[in-house]
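Enquirer: The structure under discussion is supplied below as structure tokens; questions concerning it will follow.
The values are calculated or read from the model by the stated rules, or taken from the named source; none is laboratory data. Owing to the predicted nature of the structure, the values given are computational and were not obtained by experimental measurement. Here the Cβ positions follow ideal geometry from the backbone for every residue, glycine too, while neighbour counts run over all protein chains shown.
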């Protein structure tokens, strides 16, 4: 996303450092350093690879990835890996053994004439980091949504053209959208509505009364309720909005005087109790029996007052009449939105169980109308690069503007996006945001333009790294500029075009069969899909159908879905292993004999590790090193909901087995593995990083795989891995308990 206009304003003026004091920004005035591809052991294969210090850098990035690495966050993708980790991996894959990775991390390195290939490019982290270091990048992904977002992120962009296009869109359609997000106060003043609050309803099977599916009548809390205990509750009798304490169990409505417990609503887990007849019924079953998606009732709104303050108010008949106008306007538009059926799957079945049969049913009429207006206008942009970029922006807006989104409250980004749980979970109290937005909005088209597109343009023009520091005993991180090349390239769409000298080649297809020549890449660096239940393609279809609707059923958008029978991601261990092995086999073919394959991975189940070991060995790779590193999830909902969360990835470094020297095994597998794993655990604890039991697991199992992959034939390695489960569990318990005992005695 290199910026070509001369009106660029440096992002240095808007530096941001979360949870730490800001130090002055660093502007190194040092010449670039060439890092040549050399034979022999690499720094990433050494035991001194500084994973603990790198994890501190990654930790800072992980809390605000969209700010610290904005280029890879112009659109939603899942499992977006940390740029700082991949910068270190790339440096380590080319630097000679013994090189000081931390020192090189903050040097203006240039790895000239090197080609890095990522067969699972996802959000483009590997390719972006490789090109910042002067290398050439080849990225491939089977999912068209991933390919589309990376292509938009890494292309050359003209800042002035982007800004003028946004202003033209604003001039043409902003008022048409804004008018549906306005309210009239009792004194006649017109104000902007930031958010409308809805609740799902279900008909009582006993008395046919419409039951609001509130689990609590408190609908708005502060993100820090202990510090700010005020909350908003809706009266179940008259619908008035009342300010209450977040923890209160008894209040009286200030409008009608009714007493109620704001903590308890009709819905309780999977059941609801009708307030009219006290009949208790199963919510999902009752909705399923209607044959239609759930109904919703508008009950409140948050408005922006003339003095700039915000006010929670009950919904009025005027609000409902305005919504009816939107319904009528939508009905008069032709081809207003994509009508595409939702296919069954692990990640879509929950929505199908609530009778959502089509993707457009996840939006209400006002959202569909406004999305239709914006889609129609974006479709008319004549420049294909700009049209793609604004399609990408609108597609990203979908994540926050649907009836699966919810309210996070004051003190944080207000909209909880629909993929917070990594599944399509029907939301009982959905939030409808102002789709065009105001300066105080969250998740809107205009604010995402500022927060995603402008920020990405700044970063592409002037990339930076984060350096941890301290001042007066407090954390104080700094942004270090001047280390990297600008990002923004004419993207090759075939290997012959890339071979003629283009820096980046991106393709959308199965990575087990590429058009790359034998021995054509110097390193394969990636983050493969996990063997688990989160199928990216099932979720990505939510975006794909709208991209297809705007850009037309051509190229990657010919199909209605991004699903493919060739996807590696699979819940079946055998299928996952076979498909991963096919990609690693292709990587083995295109990788030079002295090249490195390195990837990040973690798993809590033995099947996940067994699959990786088998796939690597089938493809002819052996593991030469494993390093624990901070994973991307610091604030993800699934991590906070997990009983024993994994906070670490393992960097698995491999070479072709044909290039490895044979070693004699002493017969004591766990005896070989234990001191190496214990040392990595100790190094982390010396850095005051607490490890969960599953963190210890990934360290131990990775070291086990490392030795099995080199010392044994495939079947023998798999037998030893299976037979070692009991000993591995005992070793995990021992190392984890040792860490708990150290903390109990005041160490770390």
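Enquirer: Within segment 285-294, identify whether any single residue is assigned by TED's automatic domain parsing to the domain that holds residue 186, crowded, with 20+ Cβ neighbours inside 10 Å and part of a helix (DSSP H, G or I), and answer yes or no.
Expert: Yes; the residues of segment 285-294 include at least one that is assigned by TED's automatic domain parsing to the domain that holds residue 186, crowded, with 20+ Cβ neighbours inside 10 Å and part of a helix (DSSP H, G or I).
Enquirer: From the list 364, 355, exactly one residue is within 24 Å of residue 176 (Cα to Cα) and in contact (Cβ under 8 Å) with a residue 24 or more places away in the chain. Which is it?
Expert: 364
Enquirer: Report yes if residue 698 is farther than 29 Å from residue 39 by Cβ and crowded, with 23+ Cβ neighbours inside 10 Å, otherwise no.
Expert: yes
Enquirer: Does residue 220 satisfy the criteria of being under 13 Å from residue 311 (Cβ atoms) and either in the same structural domain as residue 311 (by TED's automatic domain parsing) or touching a residue at least 12 places away in the same chain (Cβ under 8 Å) (or both)?
Expert: In short, yes.
Enquirer: Here is a follow-up. Does residue 530 fit the bill of being in contact (Cβ under 8 Å) with a residue 60 or more places away in the chain, crowded, with 16+ Cβ neighbours inside 10 Å, within 21 Å of residue 512 (Cα to Cα) and assigned by TED's automatic domain parsing to the domain that holds residue 119?
Expert: For residue 530, the condition - in contact (Cβ under 8 Å) with a residue 60 or more places away in the chain, crowded, with 16+ Cβ neighbours inside 10 Å, within 21 Å of residue 512 (Cα to Cα) and assigned by TED's automatic domain parsing to the domain that holds residue 119 - is met.
Enquirer: In the list 448, 457, which residue meets the criterion of being crowded, with 19+ Cβ neighbours inside 10 Å, under 20 Å from the mean Cα position of the chain (by Cα), free of Cβ contacts under 8 Å to residues at least 60 places away in the same chain and not in a strand (DSSP E or B)?
Expert: 448
Enquirer: Also, quick follow-up: Looking at 566, 586, 574 in this structure, which one is farther than 30 Å from residue 403 by Cα and outside any helix (DSSP H, G or I)?
Expert: 566
Enquirer: Suppose the filter is touching a strand residue (DSSP E or B) at 6+ places or on another chain (Cβ under 7 Å), surrounded by fewer than 15 Cβ atoms within 10 Å (Cβ to Cβ) and over 30 Å from residue 354 (Cβ atoms); does residue 271 pass it?
Expert: It is false that residue 271 is touching a strand residue (DSSP E or B) at 6+ places or on another chain (Cβ under 7 Å), surrounded by fewer than 15 Cβ atoms within 10 Å (Cβ to Cβ) and over 30 Å from residue 354 (Cβ atoms).
Enquirer: Could you please give the count of residues in segment 265-279 that are part of a loop (DSSP other than H, G, I, E, B) and out of contact with any helix residue (DSSP H, G or I) (no Cβ under 8 Å at 6 or more places or on another chain)?
Expert: 9
Enquirer: Same structure again: Within segment 150-170, count every residue that is buried (at least 20 other Cβ atoms within 10 Å of the Cβ) and over 22 Å from residue 380 (Cβ atoms).
Expert: 3
Enquirer: A further question on this structure: Somewhere in segment 361-373, is a residue crowded, with 19+ Cβ neighbours inside 10 Å and either outside the structural domain of residue 322 (by TED's automatic domain parsing) or assigned to a loop (DSSP other than H, G, I, E, B) (or both)?
Expert: yes
Enquirer: Report yes if some residue within segment 385-400 is part of a loop (DSSP other than H, G, I, E, B) and either in contact (Cβ under 8 Å) with a residue 24 or more places away in the chain or out of contact with any helix residue (DSSP H, G or I) (no Cβ under 9 Å at 6 or more places or on another chain) (or both); otherwise report no.
Expert: No, the conditions are met nowhere in segment 385-400.
Enquirer: Right, here's the next one. Would you check if there is a residue in segment 106-121 being assigned by TED's automatic domain parsing to the domain that holds residue 50, assigned to a helix (DSSP H, G or I), in contact with a strand residue (DSSP E or B) (Cβ under 7 Å, 6 or more places away or on another chain) and modelled with pLDDT of 95 or more?
Expert: Within segment 106-121, not a single residue is assigned by TED's automatic domain parsing to the domain that holds residue 50, assigned to a helix (DSSP H, G or I), in contact with a strand residue (DSSP E or B) (Cβ under 7 Å, 6 or more places away or on another chain) and modelled with pLDDT of 95 or more.
Enquirer: Checking the condition in contact with a helix residue (DSSP H, G or I) (Cβ under 6 Å, 6 or more places away or on another chain) and free of Cβ contacts under 8 Å to residues at least 40 places away in the same chain, which residue from 492, 499 passes?
Expert: 492
Enquirer: Taking the options 645, 638, name whichever one is in a helix (DSSP H, G or I) and modelled with pLDDT under 80.
Expert: Every option except 638 fails the conditions.
Enquirer: Are any residues in segment 589-617 touching a helix residue (DSSP H, G or I) at 6+ places or on another chain (Cβ under 9 Å), assigned to a helix (DSSP H, G or I) and more than 15 Å from residue 531 (Cβ to Cβ), and if so, which ones?
Expert: Once the filter is applied, which keeps residues that are touching a helix residue (DSSP H, G or I) at 6+ places or on another chain (Cβ under 9 Å), assigned to a helix (DSSP H, G or I) and more than 15 Å from residue 531 (Cβ to Cβ), segment 589-617 yields only 617.
Enquirer: Checking the structure you have, find out if any residue of segment 708-716 is within 32 Å of the chain's Cα centre (by Cα), part of a helix (DSSP H, G or I) and either modelled with pLDDT of 95 or more or surrounded by 18 or more Cβ atoms within 10 Å (Cβ to Cβ) (or both).
Expert: Checked segment 708-716: at least one residue is within 32 Å of the chain's Cα centre (by Cα), part of a helix (DSSP H, G or I) and either modelled with pLDDT of 95 or more or surrounded by 18 or more Cβ atoms within 10 Å (Cβ to Cβ) (or both).
Enquirer: Additional query: Can you find a residue in segment 59-69 that is crowded, with 24+ Cβ neighbours inside 10 Å, touching a residue at least 12 places away in the same chain (Cβ under 8 Å) and touching a helix residue (DSSP H, G or I) at 6+ places or on another chain (Cβ under 8 Å)?
Expert: Checked against the condition, which is being crowded, with 24+ Cβ neighbours inside 10 Å, touching a residue at least 12 places away in the same chain (Cβ under 8 Å) and touching a helix residue (DSSP H, G or I) at 6+ places or on another chain (Cβ under 8 Å), segment 59-69 yields at least one hit.
Enquirer: Give the residue, chosen from 355, 335, 347, that is part of a loop (DSSP other than H, G, I, E, B) and either closer than 19 Å to residue 175 by Cα or more than 29 Å from the chain's Cα centre (by Cα) (or both).
Expert: Being part of a loop (DSSP other than H, G, I, E, B) and either closer than 19 Å to residue 175 by Cα or more than 29 Å from the chain's Cα centre (by Cα) (or both) holds for just one of 355, 335, 347, which is 335.
Enquirer: Now a separate question. Quick one: is residue 82 in contact with a strand residue (DSSP E or B) (Cβ under 9 Å, 6 or more places away or on another chain), in the same structural domain as residue 482 (by TED's automatic domain parsing), closer than 18 Å to residue 466 by Cβ and surrounded by fewer than 22 Cβ atoms within 10 Å (Cβ to Cβ)?
Expert: Criteria not met by residue 82.
Enquirer: Residue check, residue 225 against (1) without any contact (Cβ under 8 Å) to a residue 40 or more places away in the chain; (2) surrounded by 14 or more Cβ atoms within 10 Å (Cβ to Cβ); (3) under 27 Å from residue 202 (Cα atoms), all met but one. Which one?
Expert: The number of the failed condition is (3).
Enquirer: Looking at 730, 677, can you tell me which residue is without any contact (Cβ under 8 Å) to a residue 24 or more places away in the chain, out of contact with any strand residue (DSSP E or B) (no Cβ under 6 Å at 6 or more places or on another chain) and in a helix (DSSP H, G or I)?
Expert: 730 is the lone residue from the list that is without any contact (Cβ under 8 Å) to a residue 24 or more places away in the chain, out of contact with any strand residue (DSSP E or B) (no Cβ under 6 Å at 6 or more places or on another chain) and in a helix (DSSP H, G or I).
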